[in-house]
1. How about Lys45: which aspartates and glutamates have a C-alpha closer than 17 Å to its C-alpha, ignoring those fewer than 8 places off in the same chain?
2. Just add up the charged neighbours of Asn34: K/R +1, D/E -1, any other residue whose Cβ is under 14 Å from the Cβ of Asn34.
3. For Asp84, enumerate residues with amide H under 5 Å from its amide H, sequence gap 5+ or separate chain, H modeled in the peptide plane.
4. Just flag the GluC sites (Glu not before Pro) in region 30-102 sitting in loop per DSSP whose Cβ has no more than 15 other Cβ atoms within 10 Å.
5. Please report the net charge: other residues with Cβ closer than 11 Å to the Cβ of Gly48, K and R +1, D and E -1.
6. Fully extended, how many nm does the chain gain between Asn34 and Arg92 (0.36 nm per residue separation, minus their Cα-Cα distance)?
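Read-outs: derived from the displayed coordinates by stated rules, not from any lab. Please read these numbers as outputs of a predicted model, since none were measured by experiment. Cβ atoms come from the backbone with ideal geometry, glycine included; neighbour counts cover every protein chain shown.
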Amino acid sequence: MKHSTRMNLLRGAAAIAGGLAAAAVVFAQAVTTNLADGEVRKVDKAQGKLTLRHGPIPSLDMPPMTMIFRVADAKWLDQLKEGDKIRFSAERVSGAITITALEPAAK
């Protein structure tokens, strides 16, 4: 393979890798900005549910309120207690509004 052909292939691969990295950053920012704020009001491990007082949830076109959510991973409930501040995303899963991601809120 000629040197110039090899260099062109390397440049193309580098451009693709750079584009993928930039797309990953944009995706991560989009996920982070789509998180809603919430405060834990009740943890119901037996039912796999979490009661939150939350801010607006734009992805569900939902205003602020207090409501009960299912959680995608019941292990999350072991690490939460009443009064904890979290950021979360929620989606409709099999007809139920379910928390699909959560993280502690910045203090």
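1. Asp73, Asp78, Glu82, Asp84
2. Details: positive: Arg87; negative: Asp37, Asp61, Glu91, Glu103.
Residues close to Asn34 contribute a combined charge of -3.
3. Val40
4. Values: sites: Glu39, Glu82, Glu91; in loops: Glu82.
Sites meeting the loop and neighbour criteria: Glu82.
5. Working: positive: Lys45, Lys49, Arg70, Lys75; negative: Asp44, Asp73.
Counting the neighbours of Gly48, the net charge comes to +2.
6. Details: separation 58, 0.36 × 58 = 20.88 nm, distance 1.50 nm.
Value of the extension gain: 19.4 nm.
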